[in-house]
Amino acid sequence: MSSDTTMSTASLQSLLPADLDTVAVSLDLESTLAHCHEYFIQQYNSEFGTSYVRDDIDDWDWVREEIEFEDFNRIVNDGWRNCHTEIAVMEPGLADLVARMHDHPRIEVDIVTARTGVEDGMQAWLAANGITEYGEFIATTTSKAQLDYNVYIDDRPGLANDLPHGKMQYLIQGPHN
Ligand SMILES: [Mg+2]
């Protein structure tokens, strides 16, 4: 997979294992649909006077090793809760792409996030960005690997290793993974 894998390069066909009639897709929100890292880095810089750029977050554990993870969580939670309009969409055309998945006769797509407590802001963000055609919006602290989806579109590296046999992850790649 190339290093610039994005949602728009995902062919719907590639998400459809031939042995399944219907494919349940878990579509991640943060850093898959919503540019949370970009938002975070801007807010962090303005709060702490640093000059990090997006590409500085070059590892999944960056926020734990380079800064305080609590600051990351606080800033992202605050973004969802109070200023979701400042969180950008990862790439143009995502609303259409999600709608095409939702309309596909063999795909059932839910938007699934592991962040809880800011669901109102997240759903407002989805609506504001025209992402309105999907099955359910699910915010859960249950490990995604334990949810019963066939395909996971997600930027979390290693999720695939936790999935039961026969399930797959389509990794959305970025500097952080
Ligand atoms: Mg994510």
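Here, each number is a calculation from the coordinates, and none is a lab measurement. Since the structure is predicted, the reported quantities are computational estimates derived from the model, not experimental observations. Every residue, glycine as well, gets a Cβ built from its backbone with ideal geometry; the counts of neighbours run over all protein chains shown.
Residue by residue through segment 86-100, what is 3J(HN,Hα) from phi via Karplus (6.51 cos²θ - 1.76 cosθ + 1.60, θ = phi - 60°)? Round to whole Hz and write x for glycine and proline.
8, 8, 7, 7, 4, 7, x, x, 5, 4, 5, 5, 5, 5, 5
Take the alpha carbon gyration tensor of segment 13-104, find the square roots of its eigenvalues, order them as a ≥ b ≥ c, and report rounded if a/c is under 1.5; if not, report prolate when a/b exceeds b/c, else oblate.
prolate
For the pair GLU86 and GLN13, how long in nm is the line joining their label points, each one 7 Å along Cα→Cβ?
4.4
Where a ≥ b ≥ c are the square roots of the eigenvalues of the C-alpha gyration tensor, would you call segment 9-59 rounded, which needs a/c under 1.5, or, failing that, prolate if a/b is larger than b/c, or oblate?
Prolate, since a/c reaches 1.5 and a/b exceeds b/c.
Packing-wise, with mean Cβ within 10 Å as the measure, how do 117-124, 30-37 rank, highest first?
Top of the packing list down: 30-37, 117-124.
Using only C-alpha atoms and all pairs of different ones, pull out the Kirkwood radius for the chain in Å with one decimal.
So the Kirkwood estimate lands at 16.8 Å.
What is the Å³ per residue value for the convex hull set by the Cα atoms of segment 36-86?
Convex hull volume per residue, Cα atoms: 70 Å³.
Can you give me the long-range amide H partners of VAL23? Hydrogens built in the peptide plane at 1.01 Å from N, cutoff under 5 Å, separation of 5 or more residues or another chain.
So VAL23 has HN proximity to ILE107, GLU108.
Karplus couplings for segment 78-84 from phi (6.51 cos²θ - 1.76 cosθ + 1.60, θ = phi - 60°), rounded to Hz, Gly and Pro as x?
With coefficients 6.51, -1.76 and 1.60, one gets 5, x, 5, 6, 10, 8, 5 Hz.
Using modelled backbone amide H atoms (1.01 Å from N, in-plane), which distant-in-sequence or interchain residues come within less than 5 Å of VAL112's amide H?
Correct list: LEU27, ASP28, LEU29, ILE138.
Please work out the FRET efficiency for the pair ASP96 and SER143, using the Cβ-Cβ distance as r and a Förster radius of 25 Å; give the result to the nearest 0.05.
Approximately 0.25, to the nearest 0.05.
So what are the ³J(HN,Hα) numbers for segment 42-57, from phi and the Karplus equation (6.51, -1.76, 1.60; θ = phi - 60°), rounded to whole Hz, Gly and Pro as x?
Ordered by residue, 3J(HN,Hα) equals 5, 5, 4, 4, 6, 7, 10, x, 8, 9, 5, 10, 3, 5, 5, 7 Hz.
Using the crude model of +1 on Lys and Arg Cβ and -1 on Asp and Glu Cβ, and no other charge, please compute the dipole size for segment 36-86 relative to its Cα centre, in debye to 20.
Dipole magnitude for segment 36-86 comes out near 300 debye.
Compute the length gained on full extension between THR132 and ARG74: take 0.36 nm times their separation in residues and subtract their Cα-Cα distance, giving the result in nm to one decimal.
Extra length available between THR132 and ARG74 comes to 18.2 nm.
Amide H of ALA34 versus every other amide H placed in the peptide plane: which residues, excluding those fewer than 5 positions away on the same chain, fall under 5 Å?
Hits under the 5 Å cutoff: MET90.
Please state the charge dipole magnitude for the chain, taken about the Cα centre, from unit charges on C-beta atoms (+1 on K and R, -1 on D and E), reported in debye and rounded to the nearest 20.
The dipole of the chain has a size of about 360 debye.
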